[in-house]
Amino acid sequence: MTVNLDSVLDPRSILVVGVSESRTNAAGHIVGNLVSFGYKGVVHALGTKPGTVCGHPIRTSIDDVPDGIDLAVVMTPARTVPGLLDACGRKGIRHAIVQSGGFGELGEEGAAVQQAALDAARRHGIRFVGPNCLGALAPAAGVCTFFVPFEDFFDRGRVSLGAQSGGVGATYLYQIASEGIGLRRFVSMGNKLDVDEADLVTGFAADEGCDVVALYIEDVKRGRAFFDAIKGCAKPVLIQRAGRTAAGQKAAFSHTAALAADDAVLSAAIRQAGGLRVRSAEEMMCRIKAFLMPPMRGRRLAVISRSGGHAVIGADCATDEGFDLPPFPQDFLSSLGHGWADSVIRRGNPLDLGDIFDFAAYARILDAVLSMPEFDGAVFVHEYFAKLEGETARRLVPAAEEAVRRHGKPVALVLFTDEEEVAHLKRHSSFPFYTSVECAVGALSASWKHERRKARKASNGGTAPGGVAEAAARVRELAGMGRTSLLCEGLDVLGAAGVRVPWWGLVRSAEDAPDRLGHPVAVKAVSARAVHKTEAGGVVLDVRDPAHLRRVIEEMSARFGPFGEGEGVLVQRMCAPATEVIVGG
């Protein structure tokens, strides 16, 4: 059963289970957060004693709760959760958030309760988030199910976040708010007993209000489903994965019952699926900002700076990220008149503006550069002294935002000034900016890589390149039939994927011996009788003439024949001596 994230993040009605009148009651905080966030749906409270919480009556029996509830939020001792999920199922509730702890993260006893909870949910077709999680947050819908009091300090936006750890998720939320990045939705996954990262990517991908997907994970529960979810998501998927080391994996298990996964394999899978991996929350924020602007559709970058040193750093970073730095058109350089053109220290790319203090000129230059077909985007490094230039220098931020809107190209605006000024701009500006050249260029590189991935996918019709999809489907079909020609079909797949494969042919008799391969060749039996080919005499190397080849084929046909369908003798051109690498799968 597919999880409906709207039932979790935009429900029409919510049942909060575990509520009491105590001021420290965790479930009571959930009701309080729904009230303070302005949730417009209907809230029902369920506890063991009657009373009221935030103006809502506390019912003591689920039978007294009306039918048609979209979401149950459970905050009760772990041992009670299986029975409560059973009761919710009988009531017709099909989505839940189990925020209680005390499950698989505590060992065998907790794991048994965890399995009982999962069994209860499956009996009734319930999809649930958790257990051992912080909850869910959707400010635009007025939804906040956190079990601690929380403030709505978020700009409404188009970034959706999933986090395995509630603590790390909360840190991300604070950073998103402090950076002025608008939040769409947030889900804390906890132990991921049911809903996991693959479900979130699929759900966020289907949400028209979401443009960027961000994830913090410690393990991957369903690798193939996760891979397919990323591959099927047209939106950028940014992933931070912790637990890369043995010590990190041990710590991860202790708080979310995460299982270890090979980090190199996971990185390769994420890259192949089209996701983007980040190493820190700071890098995540930088990448998100790039995806809040129009995409970087090519590798041609303009670097502009008030400081010569920062211009050099920008050029180095751009080169490291694979960007081209085309020269500025001569007519543009000639147009830098009005008395300040001679102050441009370097008229190449990067463009060093030297000792120019005309901030209106910066806006004109940036607008002109973005209008040029020679460039796909720009980095503008703007260093200023806030107490002396702040009021005037700030005008570049809305000017950059307007230029981006007008020309549909990104500008990574880097601001170097004092901390108080940076904080002021973050509070009062909706346009993303950076405080590091390296971070800014890296963010545009992430945007460009995502666009390349989308272009490749479109050119291949959404399938694997060339004939890979068809060849791989044929291999799966043959594998199901137990056919031994998997070897030859595998060679077809490799060739279709662009891997160089020595010429080969499959023959059933000496009369079919190929003469177009040249010599020397290797000869191998392809037969169910030759599982371990070398030991069975099914491999002969360095066959150097046609007569020798025919004799070898005759001997193998006699030893391993008669050949079934797809069987025979594989003749393949010998490779030059090289380092041998064996890949098993």
* **Whole-percent pair-distance distribution, where bins are 5 Å wide, for the alpha carbons of region 496-536** => 5, 17, 22, 21, 22, 12, 2
* **Solvent-accessible heavy-atom area per residue, rounded to whole Å², over region 6-101 at 1.4 Å** => 42 Å²
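Can you tell me the relative contact order of region 168-221? Whole percent, Cα pairs under 8 Å, sequence separation 6 or more.
This gives 33 percent for region 168-221.
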* For the chain, cysteines whose Cβ has no other cysteine Cβ within reach (under 4.7 Å) -> 54, 88, 133, 144, 210, 233, 317, 488, 575
* To do: Can you sort 49, 449 by 1.4 Å-probe accessible area, starting with the largest?
  => 49, 449
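Which semi-axes, in whole Å and largest first, does the equivalent ellipsoid of region 83-240 have when worked out from the alpha carbon gyration tensor as the square roots of 5 times its eigenvalues? Please report the intermediate quantities before stating the final value.
Details: eigenvalues 133, 63, 47 Å².
The answer is 26, 18, 15 Å, longest axis first.
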* Could you order 405, 277 so the one with the most accessible surface comes first? Probe is 1.4 Å. => 405, 277
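Do you know the relative contact order of region 265-400, to the nearest whole percent, from alpha carbon pairs under 8 angstrom that are 6+ apart?
Numbers: 147 pairs, mean separation 38.6, N = 136.
Averaging sequence separation for qualifying contacts and normalising by length gives 28 percent for region 265-400.
On full extension of the chain, what length is gained from residue 550 through residue 391, given 0.36 nm per residue of separation minus the C-alpha to C-alpha distance?
Working: separation 159, 0.36 × 159 = 57.24 nm, distance 8.78 nm.
Length difference between fully extended and current span is 48.5 nm.
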* Only bridges with both residues in the chain count here: give the DSSP antiparallel percent, nearest 5. => 30 percent
* Which percent of the accessible heavy-atom area of the chain goes to carbon and sulfur, probe 1.4 angstrom? -> 53 percent
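At 0.36 nm per residue, minus the direct Cα-Cα distance, what do residue 581 and residue 534 gain on full extension? Give it in nm, one decimal, please.
Working: separation 47, 0.36 × 47 = 16.92 nm, distance 1.75 nm.
Length gained, residue 581 through residue 534: 15.2 nm.
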* To do: Distance check, please: which entries in 231/449; 221/289; 221/454; 49/91; 235/409 exceed 22 angstrom between their Cα atoms?
  => 221/289; 221/454
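So what is the relative contact order for the chain, in percent, with contacts set as C-alpha pairs under 8 Å and at least six apart?
Numbers: 1143 pairs, mean separation 49.1, N = 585.
The normalised contact order for the chain reaches 8 percent.
Using 0.36 nm times the number of residues separating residue 61 and residue 122, minus their current alpha carbon distance, what extension gain do you get?
My answer for the length gained is 19.7 nm.
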* Any chance you could tell me what percent of the C-alpha pair distances in the chain go past 35 Å? => 55 percent
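The values are calculated or read from the model by the stated rules, or taken from the named source; none is laboratory data. Predicted model, so just to flag it, every value in this text is computed and none were measured. Neighbour counts are summed over all protein chains in view; Cβ atoms, including those assigned to glycine, are modelled from backbone coordinates with ideal geometry. The protein model used for the area step is the full one, side chains on, heavy atoms only, and it has no ligands, DNA or RNA in it. Shrake-Rupley method; radii C 1.70, N 1.55, O 1.52, S 1.80 Å.
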